[in-house]
Structure formats: C-alpha cells, structure tokens
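See below for the structure under consideration.
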Amino acid sequence: MLIVGVGCAPDLITMQAAEIIWNAKRVAGSEQALTLAEEYIQETSFVYVLKDYFKLEEFPSDTVILTTGDPMLAGLHAEGADYVPGISSMQVALARLHVPLHTVSVVLAHGKDHTSRSIDDAVEEVGRGRNVFVATDPKFDVKALADALLSKELECKMVVCQDLGYEEERFIHGTSRSPPEPTSDLFAVMLGHW
C-alpha cells in the first residue's frame with residue numbers, strides 16, 4: 001500500500017505524487033484529498049471515499065491512499081505502507097513567515113490531542129526557546145493556549161495561519177498577551193520568537 005501526500009491546498013501536489021496517482025488503478029482518500037488530486041485520477045480508476053481511517057489495511061495492497069498535506073506530519077498511517085511526502089501546511093506557514101525549519105518543534109492538536117496535553121507540550125517547547133508549529137483541528141482553543149503560556153510567564157508571538165495555500169490564505173498576528181482569533185476552521189498556530 002502506498003500513502004501519498006497531495007499537498008495542503010490546490011497546486012501544491014508534487015510531480016511524484018501526480019505521476020503515482022495518474023498510474024493508480026485504485027485510489028482512496030477523503031473528499032478533500034480526492035478533490036486536490038482529481039485532475040490526476042484516471043476515469044478508469046476505482047475511487048473510494050474514505051470514511052473509516054482505521055481500516056486502511058482492508059483495501060487491496062495496490063490501492064493508493066491519498067492524504068492532505070504530508071502523511072508524515074499528521075497524516076494517515078497503515079501497517080506495512082510506503083509513504084510519498086507532500087507539501088504540508090507547516091512547510092507553507094514556515095515559508096510565508098520566514099521561519100527556519102530547524103528552529104521548530106511540532107505539536108499535534110487533532111481530535112483527542114487538542115486537550116491540555118497538546119497545550120502543555122506547546123508551552124514546554126516555547127519554554128525551551130523553540131518556535132512551535134501547532135497542527136490544529138477546528139475545535140482547538142487558541143485562547144487557552146495563550147492563557148497557558150502566560151501562566152508560565154512566557155510571552156511570545158502567536159500567529160494563526162489559516163487557509164494555507166488557498167486564495168483566502170490569511171495570517172492573523174498576535175501575542176500570548178493578545179492572542180489572535182481564527183476566522184476559519186482550517187488553521188494552524190505558530191508560536192515563538194523568530
């Protein structure tokens with residue numbers, strides 16, 4: 001099985017991913033991933049919309065599984081799968097903000113991970129002097145993160161990076177004292193002192 005990152009937005013698919021999808025007999029992915037790759041999916045390919053991400057192993061081994069962004073950041077995983085990287089929201093955010101990748105720690109705040117654990121991890125990394133990219137889901141509480149930073153007397157930049165790679169891409173700047181508020185469900189948060 002091959003898990004292929006299709007990028008985080010239109011026109012961010014790599015040539016390698018496009019070629020693999022073009023030659024695939026079976027393709028599966030979320031509606032968003034399939035939409036990002038639709039121009040490369042052949043009419044003769046079997047296409048499956050993924051509903052249950054925990055049963056990837058049930059697909060035939062020649063299925064190309066599509067995931068948005070890069071599968072190694074916060075993507076899909078399956079036993080014995082090979083991976084093809086994609087352009088992630090983190091790469092787009094860091095490029096736009098001019099933040100070197102080697103200065104950044106990553107914190108996943110998806111689903112059950114957007115509880116206090118992910119906030120604690122982000123605060124700990126900022127306390128170590130790291131810039132932090134927080135990959136969020138729509139329910140992530142930016143204000144709770146700012147409050148946690150201030151409770152440890154950590155003041156830093158906070159940027160809500162939303163709709164990355166899309167026409168409506170926007171960066172909302174703030175600080176831990178005056179946190180930015182997302183206006184879209186598709187956002188990540190960058191913290192630190194870059």
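A single member of 35, 68 is touching a Cys at 6+ places or on another chain (Cβ under 8 Å) and hydroxyl-bearing (Ser, Thr, Tyr), and it is 68. Evaluation of residue 41 against the conditions (1) more than 25 Å from residue 191 (Cα to Cα); (2) surrounded by fewer than 17 Cβ atoms within 10 Å (Cβ to Cβ); (3) touching a strand residue (DSSP E or B) at 6+ places or on another chain (Cβ under 9 Å) shows that the sole unmet condition is (2).
Of the set (1) of a type in the set (Ser, Thr, Tyr); (2) closer than 28 Å to residue 161 by Cα; (3) in contact (Cβ under 8 Å) with a residue 24 or more places away in the chain, all apply to residue 61 but (2).
The number of residues in the stretch 130-182 that are more than 20 Å from residue 117 (Cβ to Cβ) and outside any strand (DSSP E or B) comes to 14. Residue 19 passes every criterion in (1) within 30 Å of residue 169 (Cα to Cα); (2) under 19 Å from the mean Cα position of the chain (by Cα) apart from (2). Restricting attention to the stretch 68-80, the residues that are in contact with a Leu (Cβ under 7 Å, 6 or more places away or on another chain) and surrounded by fewer than 16 Cβ atoms within 10 Å (Cβ to Cβ) total 0. Could you please find all residues in the stretch 183-192 being assigned to a loop (DSSP other than H, G, I, E, B) and either touching an Asp or Glu at 6+ places or on another chain (Cβ under 7 Å) or under 14 Å from residue 131 (Cα atoms) (or both)? Those that are assigned to a loop (DSSP other than H, G, I, E, B) and either touching an Asp or Glu at 6+ places or on another chain (Cβ under 7 Å) or under 14 Å from residue 131 (Cα atoms) (or both): 184, 186. Scanning the stretch 30-76 for residues that are closer than 14 Å to residue 7 by Cβ and aliphatic (A, V, I, L, M) yields a total of 8.
Among the residues of the stretch 37-47, none qualifies, meaning not one is in contact (Cβ under 8 Å) with a residue 60 or more places away in the chain, out of contact with any Pro (no Cβ under 8 Å at 6 or more places or on another chain), outside any loop (DSSP other than H, G, I, E, B) and not assigned by TED's automatic domain parsing to the domain that holds residue 110.
The values are calculated or read from the model by the stated rules, or taken from the named source; none is laboratory data. Note that this is a predicted model, so its numbers are computed, not measured. Methodologically, a virtual Cβ is constructed for each residue, glycine included, from the backbone with ideal geometry; neighbour enumeration extends over all protein chains shown.
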